[in-house]
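Inspection log for the structure reproduced underneath, given as structure tokens.
The values are calculated or read from the model by the stated rules, or taken from the named source; none is laboratory data. For clarity, every value in this text was computed on a predicted model and none was experimentally measured. Cβ coordinates were reconstructed from backbone atoms using ideal geometry, including for glycine residues, and neighbour counts include every protein chain displayed. SASA here: full protein model, heavy atoms, side chains in, ligands and nucleic acids out. Shrake-Rupley method; radii C 1.70, N 1.55, O 1.52, S 1.80 Å.
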Amino acid sequence: MAEIVANLRSVCDKILYAATKRTSEHRYYEPRLVAVSKLQSTELILSAYEAGQRHFGENYVNELVEKALNPQILEKCKEIKWHFIGNLQRNKINKILNVPNLYIIETISNDKLADVLNNSWPRFRKSDDSKLNIMVQVNTSGEKEKSGCDIIQVSTLVKHIINNCHNLKFLGLMTIGMFGYNIANGPNPDFICLIKCREKISDELGIDIKNIELSMGMSNDYEHAIELGSTNVRVGTAIFGNRPQKNTL
Ligand SMILES: *Cc1c(COP(=O)(O)O)cnc(C)c1O
């Protein structure tokens, strides 16, 4: 537990330092740290929360529901903010929308998913006009097995969400990108691609760049992502250590 607090401090320090290396155009915000707790225990989440962490990321709907409804989490983590960062199947939508303290779903990849969420949200929200935060996940690496919207469809999808999904609030773009890229070869092409997608939708839809977040960067490249302008890094292993296997949980 003490180790997690130390890891968290170190990651936060590195984030602050990386933020000072940004160009001046990217200095209008503080990058947000999402502690990715998938497959990790509730105890570890409690420790990180006690140390001040508020945003947590989960990949699996059932696991998120179980953790969010855990009595200790409900009692001690009243300000927790859950980010869903996994693949969302349409048959799990009611389950996820019922999660207390759901902050955002970062993985909207097509208009059908956006429509179902938009239509369902009024049955779950706590106040009449609250909107569900979402990001559009982009498949920047174009790998078949990666999820996310194709690069060329991003602005059509964002436009659809803004024009037709009035119960959703579009916060920005998210990418996972190719694993194992070596930054000795220059800026990560997936991050550059996401930045370009943002420029394109800003131009085409007339949205201020400052109102389009970029969720990019994980344990092995979050500092690099922040230097390039990431507003939201998703860090698991560097905080919680290696994850247990999924089937042993
Ligand atoms: C697991 C996961 C992370 C965290 O990965 P680490 O390498 O452990 O930091 C970030 N984003 C997504 C979408 C993930 O699935």
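Which whole-number percent gives the relative contact order of the stretch 103-249, counting Cα pairs below 8 Å spaced six or more residues apart?
Numbers: 229 pairs, mean separation 28.0, N = 147.
Contact order relative to length: 19 percent.
In plain terms, if you count all Cα to Cα distances in the chain and split them into 5 Å steps from zero, the share in each step is 1, 6, 14, 18, 20, 18, 14, 8, 2, 0 percent.
Stretch Lys126-Lys76 to full length: gain in nm at 0.36 nm per residue minus the Cα-Cα span? Show your work: numbers first, answer last.
Values: separation 50, 0.36 × 50 = 18.00 nm, distance 2.04 nm.
Separation in residues times 0.36 nm, less the Cα-Cα distance, equals 16.0 nm.
Which trypsin sites (Lys or Arg not before Pro) from the stretch 127-183 combine a DSSP loop assignment with at most 12 other Cβ atoms within 10 Å? Please list the in-between numbers first.
Values: sites: Lys131, Lys144, Lys146, Lys159, Lys169; in loops: Lys131, Lys144, Lys146.
Counting only loop positions with at most 12 other Cβ atoms within 10 Å, the trypsin sites (Lys or Arg not before Pro) in the stretch 127-183 are Lys144.
Close amide H pairs (under 5 Å, H built 1.01 Å from N) link Leu214 with Leu173, Thr231, Asn232, residues at least 5 positions away or on another chain.
Along the chain, the longest continuous region that contains none of the GluC sites (Glu not before Pro) in a DSSP loop with at most 16 other C-beta atoms within 10 Å is 146-249.
I need the chymotrypsin sites (Phe, Trp or Tyr not before Pro) found in the stretch 156-249, filtered to DSSP loop residues with at most 16 other beta carbons within 10 Å of theirs. Intermediate values should be presented prior to the final figure.
On the way: sites: Phe170, Phe179, Tyr181, Phe191, Tyr222, Phe240; in loops: Phe179, Tyr181.
Hits after loop and neighbour filter: Phe179.
Our summary gives the chain a relative contact order of 22 percent, counting only alpha carbon pairs under 8 angstrom and 6 or more residues apart. Helical runs assigned H by DSSP (4 residues or longer) give the chain a calculated mean residue ellipticity at 222 nm of -11000 deg cm²/dmol, each run adding -39500 (n - 2.57) before division by the residue total. Per-residue Karplus couplings for the stretch 79-90, computed as 6.51 cos²θ - 1.76 cosθ + 1.60 with θ equal to phi - 60°, are listed in order as 9, 5, 10, 8, 10, 8, 10, x, 6, 9, 8, 5 Hz, Gly and Pro entered as x. Only protein heavy atoms count here; on that basis, with a 1.4 Å probe, Met178 has an accessible area of about 100 Å².
If I take R0 = 30 Å and measure r between the Cβ atoms of Met178 and Thr20 in this structure, what FRET efficiency does the formula 1/(1 + (r/R0)^6) give, to the nearest 0.05?
Details: r = 27 Å, r/R0 = 0.91.
About 0.65, to the nearest 0.05.
In loop segments of the stretch 25-113 as defined by DSSP, the trypsin sites (Lys or Arg not before Pro) with at most 14 further C-beta atoms inside 10 Å of their C-beta are Arg27, Lys78.
Of the whole protein surface, Thr237 contributes about 50 Å² of accessible area at a 1.4 Å probe radius.
On the protein heavy atoms, probe 1.4 angstrom, tell me the percent of accessible surface of the chain carried by carbon and sulfur. Please list the in-between numbers first.
On the way: 5950 of 12310 Å².
Of the solvent-accessible surface of the chain, carbon and sulfur hold 48 percent.
Any idea what the dipole of the chain comes to, in debye rounded to 20, about its Cα centre with Lys/Arg Cβ at +1 and Asp/Glu Cβ at -1? Don't skip to the answer; put the middle values down first.
Working: 31 positive and 28 negative charges, 88 e Å.
Using Cβ point charges on Lys, Arg, Asp and Glu, the chain gives about 420 debye.
Among Ile183, Leu214, Asn164, flag the residue with its Cα farthest along the positive direction of the charge dipole of the stretch 153-232, charges on Cβ as +1 for Lys/Arg and -1 for Asp/Glu. After comparing all options, I get Asn164.
Working from label points 7 Å from Cα in the Cα-to-Cβ sense, the Asn91 to Lys196 distance is 3.8 nm.
Within 12 Å, Cβ to Cβ, of Asn101, how many net charges do the neighbouring residues add up to if Lys/Arg are +1 and Asp/Glu are -1?
+3
Remark: spin-label model distance Tyr28-Val5 equals 3.8 nm, labels positioned 7 Å along the Cα→Cβ axis.
Put Asp190, Asp221, Asp203 in order of accessible area, highest first, and with a 1.4 Å probe you get Asp203, Asp221, Asp190. Taking every lysine pair in the stretch 97-169 that is 8 or more places apart or spans two chains, those with Cα atoms closer than 22 Å amount to 9.
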